[in-house]
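The values are calculated or read from the model by the stated rules, or taken from the named source; none is laboratory data. The model shown is predicted, which means the values in this text are computed figures rather than measured ones. Ideal geometry is used to build each Cβ from the backbone, glycine not excepted, and the neighbour counts take in all protein chains shown.
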Amino acid sequence: MPGSLRPYQNDLRKYAKTGDIFRTSKDMIRHREMDLQRTERYKAWITFFRRNPMALIETYFGIHLHPFQILMIWVLQRSNLAYIVAARAASKTWIIAVWALTLAVLYPGIKIVVCAKTIKQGGILLSEKLTALRDTYPNVAREIKQIVMNSNDQIALFHCGSSIKVVPSTDSARGKNLNWQYI
């Protein structure tokens, strides 16, 4: 019969009183303290990215923006009504796709509605632009849960609960529950 209640010795007990700093057990931060520190860091980063969405687009998503695109994002961020006049091939639809993606990531549970003359025309935002972003940038692919493209429904769902939906620009379609609308 063993002499002590614990006849075994694991590494923690064996090296408890040694002077070797590489073998002694490490003092750990309590789980509650770590959660509070992590929560504060999350709050700080979320606040920073909500105030500077261009930083999120460039650092987290890895999407390089040209100066005129940064200006367009700034206009979309600052005003409730943004009216942007630009020539063909000026990346208007792409910027709207990037901005909708940024809003969907920064504000979990947001419902974004894209109105277009036809569903097919508005579907370009999801079928071409958002799909290309997802295929090119791994962090964008990490955020997007699913893109549904069929004749009845065109919607992008995100892991955080946000969604981007395409509807035709009719009187009945614009009355949906939404947080952000693009026409």
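Quick notes
- Residue under evaluation residue 99, criteria (1) within 14 Å of residue 126 (Cα to Cα); (2) not in a helix (DSSP H, G or I), criterion not met: (2)
- Residues being assigned to a strand (DSSP E or B) and either within 18 Å of residue 98 (Cα to Cα) or not assigned by TED's automatic domain parsing to the domain that holds residue 119 (or both) - total across the stretch 149-172: 9
- When each of 131, 102 is tested for being in contact with a Pro (Cβ under 8 Å, 6 or more places away or on another chain) and closer than 23 Å to residue 161 by Cβ, the lone residue that passes is 102.
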